[in-house]
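The values are calculated or read from the model by the stated rules, or taken from the named source; none is laboratory data. Because the structure is predicted, anything quoted here is derived from the model rather than measured. Every residue, glycine among them, receives a Cβ derived from its backbone with ideal geometry; neighbour counts consider all protein chains shown.
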Amino acid sequence: MTDAGGSPAATVDRTATVHHRRRWWTLSVLGLVQLMVALDVTIINIALPRAQADLHFATALRQWPLTGYALAFGALLLLGGRLGDWWGRRTALVVGLVGFALASAVGGAATSFAMLVSARAVQGAFAAVLAPAALAALTTTFTEAHERARAFAIYGALAGSGAAIGLIVGGALTQWVSWRWTLYVNVLLGLVALVGVLLLVPGGRPASHDPLDLPGVLLGGGGLFLVVYGFANAVTASWGDAVTIASLVGGVALLTAFVAWQRRSRHPLLPLRIVVERTRGGSLVALFLTNAGLFGVSLFLTYYLENFDGYSPLRTGVAYLPMVGALVVTAAIASARLLGLVGPRPLVPTGMILAALGLILFTRLPLHASYVSSVLPGLVVAGLGLGLVFAPAIASATAGVRAADAGAASASVNTVQQVGGSMGTALLNTIAVSAGTRAYLHSSAPGALRLASATVHGDVIAFWWAAGFFLFGAVVSLVVLRSGALDLTPDPGT
C-alpha cells in the first residue's frame, strides 16, 4: 500500500526534500550563529577602556566582562550540547538566540559594572546552548561527503577567524558609534538568525532520549568552571595565589571524578566513545592547542600595534584582515578538496607548523615596526596554517558521530576551544609579564625606553612559547591522527 499524497509519511518526505534544497541557506544561518558566538569572545575587548570610563569601575576589575562570558560559556557547554540532543536543534537554537539577544540588550544598556558582568555571564550561558546546537545541526544537515567537506570549510573559516573579525567589528563600533553597540549589535544579528532558523532548520526532537545525567552536569560543569576561573584568576593575581591553586586543583579533581562517572553512568553526559576514537580525540587535542597558541597573535599583537605603533582600535582590527583572508583560502582548499582525499593527518600537522612559523616571524618585531615588512608576513603565514587546522579538525572531530550524540560531540569541540583559549591567555600573559619584568630589571637603558623594550621582549618570549604550542600540536596530531581519507558520512545510528 502506498502513501497518499496527504499522508504523514508523504508530508515528512516533502519536508525533508525542501530542507535538503535549502541546505546552503541553512549553512548561512548556522554560520551566522557561529560567528555571533565567536565575535563575542573578542568584540568587547577594544570597547573595555570606554566602558570602564563610562561605568567608573576599577582597572583591577576590567577583565570580568571577558571572564564572566568565558566562565559561563566554558562551564555549561557540555550541558548545552546535551540539551540540544534533548530538545532538537531548532528548539535549542531558538532558545539560545532569544536568550543571547536579550542578554546583549541588557548588557548594552548597563548602568553599572555588576549589570554589565551579569549580562555577559548570561550571554555565555546561552552561547553554551547555541554553539553546540549550530555545529550539531551542520553535521546532520549535510550528509553527502563532498558537500559536507565544503560546508565544514566555510564553518571552520568562521570559527577560526571569528576572534579577528570581532576585533574589527568591535573597533569600528567603538570608534564610530559607542562601546554599547558591541553588545547591541547582537540583537540585530540574533533577529536575522532567528528568522533564518525558524524558516530553514528542521524542527522536531529525537523520538527517545536518555535521562539527564545530573551528577555528570555537576561534576563536568563544576570542573570546567573551576579550571577556567583558575586560569583567569592567574592573569590578574598569580600562579601562586591561593585562589588560583585551589581553583585549578579543585577543577582537576572534579574533572577526574567526571571521567570516572562517565565510565559508569548508564546515560553519560559525554559518552566517552565520542572522545576516545583516535582521529576524533587527536582533532580535539589539535583544536585545544591551536586556541591556546592563537592568543599569541590576538592578545600580544593587538597590544603591540596599539601601544607601540599607535594604531587606533579600528586600524588594529583591520590589520588582521590578511590573516582572515589566508585562513579562509586554506580552509576552503583543505576541507573542500583535500580532506576527503588524504584525511586530516597530513593537513593538521602542516597547518600547525605553518602557524608556528608565522609566530616565529613575530619574534623579530622591533620596538617600532613597519606593518608591511614586520607584521604582515607573520599574519599571512599564520593564517595559512590556521585554515589547515580549523576546518579539517572540526570536521574530523564530528565525523561519524551518531545523530543522538551530535550535540555532545559538538559541545566537546567548543569546550576544548574555550578552555584552550583561557589556558593560553593565562599562560602566555604570565610568561610575557615575567619575562618583561626580568628584562626591565636587568636593563641599563633610560626609564621609558627601558620599560617599552622590556614589554616587547616579554611579547617576543610569549610568541616563542605560542609557537611551541603549535609545534607540539604538530607532533601530537601526526602521531595520533589516523592515515587515509576521512569518511565524512554520518553514523546512522541513534
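Summary table below
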| quantity | calculated |
| --- | --- |
| Region 74-120 - residue that is of a type in the set (Gly, Ala, Ser) and outside any helix (DSSP H, G or I) and, of those, surrounded by the fewest Cβ atoms within 10 Å (Cβ to Cβ) | Ser112 |
| Any chance Ser247 is out of contact with any Cys (no Cβ under 6 Å at 6 or more places or on another chain), more than 30 Å from Tyr371 (Cα to Cα) and assigned by TED's automatic domain parsing to the domain that holds Arg402 | no |
| Yes/no for Ala237 being surrounded by fewer than 19 Cβ atoms within 10 Å (Cβ to Cβ), modelled with pLDDT under 80 and more than 26 Å from the chain's Cα centre (by Cα) | no |
| Odd one out for Gly310, checked against (1) at pLDDT 85 or above; (2) surrounded by fewer than 22 Cβ atoms within 10 Å (Cβ to Cβ) | (1) |
| Output for region 121-147, where each listed residue is buried (at least 20 other Cβ atoms within 10 Å of the Cβ) and over 20 Å from Phe225 (Cα atoms) | Ala133, Ala134, Leu135, Ala136, Ala137, Leu138, Thr139, Thr141, Phe142 |
| Some residue of region 425-443 being closer than 30 Å to Trp86 by Cβ and modelled with pLDDT of 80 or more | no |
| Odd one out for Ile274, checked against (1) part of a helix (DSSP H, G or I); (2) closer than 15 Å to Ala426 by Cβ | (2) |
| Pick from region 352-380, criterion in contact (Cβ under 8 Å) with a residue 40 or more places away in the chain and within 21 Å of Leu339 (Cβ to Cβ), ranking: surrounded by the fewest Cβ atoms within 10 Å (Cβ to Cβ) | Ile353 |
| Only listed residue being outside the structural domain of Gly223 (by TED's automatic domain parsing), at positive phi and surrounded by fewer than 24 Cβ atoms within 10 Å (Cβ to Cβ), chosen from Gly436, Gly400, Gly468 | Gly400 |
| Qualifying residue in region 325-334 (condition: hydroxyl-bearing (Ser, Thr, Tyr) and either surrounded by fewer than 22 Cβ atoms within 10 Å (Cβ to Cβ) or without any contact (Cβ under 8 Å) to a residue 24 or more places away in the chain (or both)) | no |
| Residue ID - farthest from the chain's Cα centre (by Cα), chosen from residues in region 190-203 that are surrounded by 19 or more Cβ atoms within 10 Å (Cβ to Cβ) and part of a helix (DSSP H, G or I) | Leu200 |
| Complete set of residues in region 367-384 that are among the hydroxyl-bearing types (Ser, Thr, Tyr) and over 20 Å from Trp464 (Cβ atoms) | Ser370, Tyr371, Ser373 |
| Where Ser283 falls short, out of the listed (1) assigned by TED's automatic domain parsing to the domain that holds Gly351; (2) surrounded by fewer than 23 Cβ atoms within 10 Å (Cβ to Cβ); (3) touching a residue at least 24 places away in the same chain (Cβ under 8 Å) | (2) |
| Residue in region 422-433 that is surrounded by the most Cβ atoms within 10 Å (Cβ to Cβ), counting only those that are within 15 Å of Leu226 (Cα to Cα) and touching a Gly at 6+ places or on another chain (Cβ under 9 Å) | Ser422 |
| Residue in region 162-173 that is more than 21 Å from the chain's Cα centre (by Cα) and assigned to a helix (DSSP H, G or I) present | yes |
| Top-ranked residue in region 215-251 [being small (Gly, Ala, Ser) and part of a loop (DSSP other than H, G, I, E, B); ranked as farthest from Arg62 (Cα to Cα)] | Gly240 |
| Selected residue (only one of Asp487, Asp459 is modelled with pLDDT under 80 and touching a helix residue (DSSP H, G or I) at 6+ places or on another chain (Cβ under 8 Å)) | Asp487 |
| Inter-residue pairs, beta-carbon under 6 Å, first touching a residue at least 40 places away in the same chain (Cβ under 8 Å) and in region 57-78, second surrounded by fewer than 21 Cβ atoms within 10 Å (Cβ to Cβ) and of a type in the set (S, T, N, Q), 6+ apart | Gln63/Thr236 |
| Yes/no for Ala53 being out of contact with any helix residue (DSSP H, G or I) (no Cβ under 9 Å at 6 or more places or on another chain), in a helix (DSSP H, G or I) and not polar (S, T, N, Q) | yes |
| Total residues in region 56-65, condition surrounded by fewer than 22 Cβ atoms within 10 Å (Cβ to Cβ) and in a helix (DSSP H, G or I) | 4 |
